[in-house]
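Inspection log for the structure reproduced underneath, given as structure tokens.
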Amino acid sequence: MAKAFSKAIFFISTLLIISCSPDNNPYKVTFRVTLPDGRPVQNAFIYLYTPVDNSLIDGYITTNQIGEATFSYDHKAIVEYEVGKGWYKRCDVVELQRGNIFVDVTIYPEGDPRRGCK
């Protein structure tokens, strides 16, 4: 009886230790950039930044052939982004979540109020 009880305690404590271990997944966002007609945009520049002093997030990434670009970071953050190619642009904000989230971004021509840029 004591042997069965000690095995049960060991099994339960092992489960608790495993379930309480920290999640090591990075915070990732994948941008899918398209034109208003739905075509993907390759080689679009995505400027990522946080509008605070001494920020480590301040740089560019570029979309691949299917219009996607992924950014990974070790901490949770709220990131502003500007996506552009030629006269087309879009600005917005995204909150980085643990794991990978997808953000669909449609870029619009100059003068279109849906651009969201200042």
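Take Asp74 and decide whether it is charged (D, E, K, R), touching a Pro at 6+ places or on another chain (Cβ under 9 Å) and surrounded by fewer than 18 Cβ atoms within 10 Å (Cβ to Cβ). When the stated conditions are applied, Asp74 passes them.
If the condition is being assigned to a loop (DSSP other than H, G, I, E, B) and under 18 Å from Lys85 (Cβ atoms), then segment 27-60 contributes Leu35, Pro36, Asp37, Gly38, Arg39, Val41, Gln42, Asn43, Ala44.
Just so you know, all these numbers are worked out from the coordinates, no wet-lab data involved. None of these values were measured; they are calculated from a predicted model. Quick reminder, even Gly has a Cβ in these numbers, built from the backbone with ideal geometry, and neighbours come from all protein chains shown.
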